[in-house]
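Student: Sharing a structure, written as structure tokens. Questions coming.
Bear in mind that the values in this text are calculations on the coordinates, not laboratory data. Since the structure is predicted, the reported quantities are computational estimates derived from the model, not experimental observations. Note that each Cβ is placed from the backbone with ideal geometry, even for glycine, and that neighbours are counted across all protein chains shown.
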């Protein structure tokens, strides 16, 4: 899938026989395309495109309204926000390009935490897995959008020379039933520098085993087999240090988590986590106007296919503050900056997720 601001997501379909995964390193080849931790090669002909149908768009709109209603509460009418949902035009582009990544920052490996999922990475039957390939790096290259309806004219060319980059990956058979995800490494005071800091927030309600498993039906076990988890990682470029406030760090606690939305479709998130052993505090405030994002497909067991269910965008604004509190109640500020061009996804019944995270 290729996302370009202001246009429908380009979904190119390939047969499973055209997929080749090299186990020795992170390298995936799909047809003539290549994805690795060092570069990306794109050769996507428009003949592979699968346009979105009107029925899919209607289902997507209803999903958004349903999710927004959980945040707005009973006193508001979420259907009044339906005009905020923008349907972007579809243009059958062929896409070609090459991007290289320099000075990547992989997630620090330990045997107890081989990936950003910590010890959960050793569980082989999770429905959804998450990984970080690089928290921050420089990108070089170019992507061209070729309109095959207009005699193969290159209508748009994106120059990625000396840009900031971030790479993560997901794999499995199903996404969580609800989640909050946000990421950015476009901090205002670091633009133009060799490397940028990077923030990742991923809070989700997910099952340790598939709900189809008979053990999942046992009420007593269900609360242990389905729970809210969080991945909260901040990479501080100046000190080249990765700070982790995730679920599996037993000293990390959620002090506050709030998700709100107003009648103008503005979404707000307030998050404060602390490491009780080190005294480190991370505070993140996020905001974006919902509805203008691009519908993105994701694996769905419910629909039995790659379904249109996520509003994807890079228009969120984040304010990140990292500080250390001492015994004398003094705060030592390590980082304090605002980030733009951030991603924010709020999917499913997030208010139920917020309550579960707060209870934990």
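Student: Obtain the nm distance between the two label points defined at residue 332 and residue 103 by a simple spin-label model: each point lies 7 Å from its Cα along the Cα-to-C-beta direction.
Tutor: 2.6
Student: If you count, for each residue, the other Cβ atoms within 10 Å and average over each peptide, how do 263-270, 114-121 line up from highest to lowest? Before the final figure, lay out the partial values.
Tutor: Numbers: 263-270: 15.6, 114-121: 18.1.
Packing proxy ranking, top to bottom: 114-121, 263-270.
Student: If R0 is 22 Å, what FRET efficiency do you get for residue 3 and residue 53 from their C-beta distance, rounded to 0.05?
Tutor: Numbers: r = 19 Å, r/R0 = 0.85.
Once the sixth-power term is evaluated, E becomes 0.75.
Student: What percent does the relative contact order of the chain come to when contacts are Cα pairs within less than 8 Å and at least six residues apart? Kindly include the intermediate steps, with their values, before the conclusion.
Tutor: Values: 803 pairs, mean separation 53.2, N = 360.
It comes to 15 percent, rounded to a whole number.
Student: Let me ask you something else. What list do you get for 17, 239, 252 if you sort them by fewest beta carbons within 10 Å?
Tutor: Numbers: 17 6, 239 11, 252 21.
Least to most surrounded, the residues fall as 17, 239, 252.
Student: Moving on. Suppose only helical runs count, i.e. DSSP H with n ≥ 4. What mean residue ellipticity at 222 nm does that imply for the chain under -39500 (n - 2.57) per run, divided by all residues and rounded to the nearest 500 deg cm²/dmol? Intermediate results must be reported in sequence, preceding the final value.
Tutor: Details: 3 runs with 36 residues, N = 360.
The helix-only estimate for the chain comes to -3000 deg cm²/dmol at 222 nm.
Student: So, in Å, what gap is there between the alpha-carbon centers of the range 2-21 and the range 81-152?
Tutor: 12
Student: At 7 Å along Cα-to-Cβ for each site, give me the label-to-label distance between residue 24 and residue 358 in nm.
Tutor: 5.3
Student: For residue 323 and residue 289 in the same chain, what is the full-extension length gain: residue separation times 0.36 nm, less their Cα-Cα distance, in nm? Spell out each step's value before the answer.
Tutor: Numbers: separation 34, 0.36 × 34 = 12.24 nm, distance 2.85 nm.
Extra length from residue 323 to residue 289 when fully extended: 9.4 nm.
Student: If each residue's Cβ is checked for other Cβ atoms within 10 Å, how do 25, 5 rank with the fewest at the top? Provide the component values of the computation, followed by the final result.
Tutor: On the way: 25 8, 5 11.
The most exposed by this proxy come first: 25, 5.
Student: Also, I was wondering about something else. Arrange the following residues from fewest to most other Cβ atoms within 10 Å of their Cβ: 287, 331. Present the calculation step by step, with values, prior to reporting the outcome.
Tutor: Values: 287 17, 331 12.
Placing the least packed residue first, the sequence is 331, 287.
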